[in-house]
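> Take this structure first; my questions come after.
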Amino acid sequence: MMLKRTRAAVTVATAFALAACTIPAQPAYAEPSDQLQQRVNDAYAQLMSYTQELELAGNKLQEVKTNLSNVQTEIEATKTEISEKEAELKVAQEELSGRLSDSYKRGDASLLSVILGANDFSELFSRMFYANKIAERDQQAIDAVRAAKSELESKQEDLAKQEAEQKQLVADQQQQTDAVAARVNAQQNFYSGLDSQLKEQLAEEEALRIAQEEYAKQQAAQQQQQGGNAGGSNNGSNSGNAGNNGGNTSGGGNQGGQQPSQPETPSTPQTPSKPETPSKPSKPSKPSTPDYGSDSGNAPSSVVDVALAQVGKEYVYGTAGPNTFDCSGLVSYSYAQVGYSITHWSQGQFNLVQSKGHLVRSASSLKPGDLVFWGYSASSIYHVGIYIGGGRYVHASMPGVGVVTATLNTGSSTYMGGGSPV
């Protein structure tokens, strides 16, 4: 990078120096600036595509992590239920032991021989068939508890399998998300390098243009001065020979007084326009269709001031302030500052708005503080921002762009509506 800047400085200094003595030469660039601009645009478009892919991968990661957490919560609940059933069995066991004691005192030897022959309570339950003198009510109660415990233990085994599967899904999705994040970082570096190269090349071209214009002005002034001197001298010598040289006046006069053609001032190289935001790549839609309403809810308008205060800060995926943000991180941070806890992933934020019945499509139905979403379907959200009013929104855009404001285009095929999450 330092080499490029030094080259630019030398080019500018040399161009001005040459302006005093000769026509500055057009430097030979490895690539014309218009072609380089196109490469910058293409790199920008690819960076945006990778950023969207990363957001989708991150949403999927959050989804499988949530599923894993739900399974683990259910496992803990099942363990508690099993403990409760074991306690019920213990009570039933104690009641049965008391009844056996009473039977022994009465000398009920036939029942005792069946019961006392069991080595443990598990075997005891298998012998309950022969204990026909135990009340039918007690028998059914004990069997019901045993059956419930058995079902819970079977459920626990199934949940353990689900937990193992979900852990593997989380590990796989984490690996995919990390791979996309690596592509985003590499593409950001590539784009930044091209963009810097383009800016330096345009600066060199501009410096050369200024030098050539200065040279052209100096040449014109010199030619005008030389033309005036030559004209006065020719008038004196031609006055005495006008009659004799009448036939050659035209040729001689032109030879002495004709000015060389002035070199054309090179046109100013056009500065390429800022890369336009490329359209999102089309992806197959999922069957989920948002249920739009007309009331976006009552979002706290104070969240807008918080979000706008972050404009200019850097985009870093997975962060939620205070110095760097990704798109959903800016939302969760801004809402947290006004007293609301919002999940940090765009799909979850969309699901929250939709679950509250606050999802609207028309910009006229949006209020400052509402969230606005983009995605390939209601279950494939990849970007979120905060509506600030007047048809504009603030968002953490992408790497290299950061937190900015933009005009809301509700006509986009990937715009999925907006509304309040609270």
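The values are calculated or read from the model by the stated rules, or taken from the named source; none is laboratory data. Bear in mind the structure is a predicted one, so any value in this text is a computation, not a measurement. Ideal geometry is used to build each Cβ from the backbone, glycine not excepted, and the neighbour counts take in all protein chains shown. Please note that ligands, DNA and RNA were not included when accessible areas were found on the heavy atoms of the full protein model with its side chains. Shrake-Rupley method; radii C 1.70, N 1.55, O 1.52, S 1.80 Å.
> In region 344-369, what residues are open to solvent by 40 Å² or more (accessible area, probe 1.4 Å) and polar (S, T, N, Q)?
Of everything in region 344-369, those that are open to solvent by 40 Å² or more (accessible area, probe 1.4 Å) and polar (S, T, N, Q) turn out to be ASN351, GLN354, SER355, SER362, SER364.
> Taking the options TYR104, TYR44, name whichever one is among the aromatic types (Phe, Trp, Tyr) and at pLDDT 65 or above. First the steps, then the outcome.
On the way: TYR104 fails: at pLDDT 65 or above.
After ruling out the rest, the residue left standing is TYR44.
Table: residues versus (1) outside any strand (DSSP E or B); (2) more than 14 Å from GLN52 (Cβ to Cβ); (3) not acidic (Asp, Glu).
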residue	(1), (2), (3)
VAL331	yes, yes, yes
ALA336	yes, yes, yes
SER341	yes, yes, yes
GLN347	yes, no, yes
SER379	yes, yes, yes
GLY385	no, no, yes
ALA406	no, yes, yes
MET416	no, no, yes
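> Can you say whether MET398 is closer than 29 Å to GLN187 by Cα and in a loop (DSSP other than H, G, I, E, B), as far as the supplied structure shows? Steps first, answer last, please.
Details: closer than 29 Å to GLN187 by Cα: yes; in a loop (DSSP other than H, G, I, E, B): yes.
Spelling it out, MET398 is indeed closer than 29 Å to GLN187 by Cα and in a loop (DSSP other than H, G, I, E, B).
> Scan region 184-226 residue by residue and report those that are open to solvent by 60 Å² or more (accessible area, probe 1.4 Å) and of a type in the set (D, E, K, R).
LYS199, GLU206, GLU214, LYS217
> Same structure, new question: Only one of these is charged (D, E, K, R) and modelled with pLDDT under 80: ARG146, ARG209, ARG183. Name it.
Details: ARG209 fails: modelled with pLDDT under 80; ARG183 fails: modelled with pLDDT under 80.
ARG146 is the lone residue from the list that is charged (D, E, K, R) and modelled with pLDDT under 80.
> Please go through (1) free of Cβ contacts under 8 Å to residues at least 40 places away in the same chain; (2) surrounded by 17 or more Cβ atoms within 10 Å (Cβ to Cβ) for SER341 and return the number of the only condition it doesn't satisfy.
Exception for SER341: condition (2).
> Report, ordered by the first and then the second residue, all pairs with beta carbons closer than 6 Å, sequence separation of six or more or different chains, a first member in region 54-72 that is closer than 15 Å to ASP326 by Cβ, and a second member that is open to solvent by less than 30 Å² (accessible area, probe 1.4 Å) and among the charged types (D, E, K, R).
Partner pairs satisfying both residue conditions: none exist.
> Look at region 289-318 and say how many of its residues are assigned to a loop (DSSP other than H, G, I, E, B) and under 21 Å from the mean Cα position of the chain (by Cα). Spell out how you get there, then give the answer.
Initially, region 289-318 is screened for residues assigned to a loop (DSSP other than H, G, I, E, B), giving 289-292, 294-301, 309-313, 316-318.
With the extra rule that they be under 21 Å from the mean Cα position of the chain (by Cα), the set shrinks to 309-313, 316-318.
Of the residues in that region, 8 qualify.
> Is it the case that some residue within region 364-377 is more than 21 Å from PRO300 (Cα to Cα), over 15 Å from the mean Cα position of the chain (by Cα) and touching a residue at least 24 places away in the same chain (Cβ under 8 Å)?
Kept after step one, since they are more than 21 Å from PRO300 (Cα to Cα), are these residues of region 364-377: 374-377.
Adding the requirement that they be over 15 Å from the mean Cα position of the chain (by Cα) leaves 377.
Next cut, touching a residue at least 24 places away in the same chain (Cβ under 8 Å) only: 377.
The answer is yes; a qualifying residue exists.
> In region 288-307, which residues are open to solvent by 70 Å² or more (accessible area, probe 1.4 Å) and touching a residue at least 12 places away in the same chain (Cβ under 8 Å)? Before the answer, list the steps.
Looking only at region 288-307, we keep the residues that are open to solvent by 70 Å² or more (accessible area, probe 1.4 Å), and these are 289, 291-292, 294-295, 298, 301, 305.
Scanning region 288-307 gives THR289, ASP291, TYR292, SER294, ASP295, ASN298, SER301.
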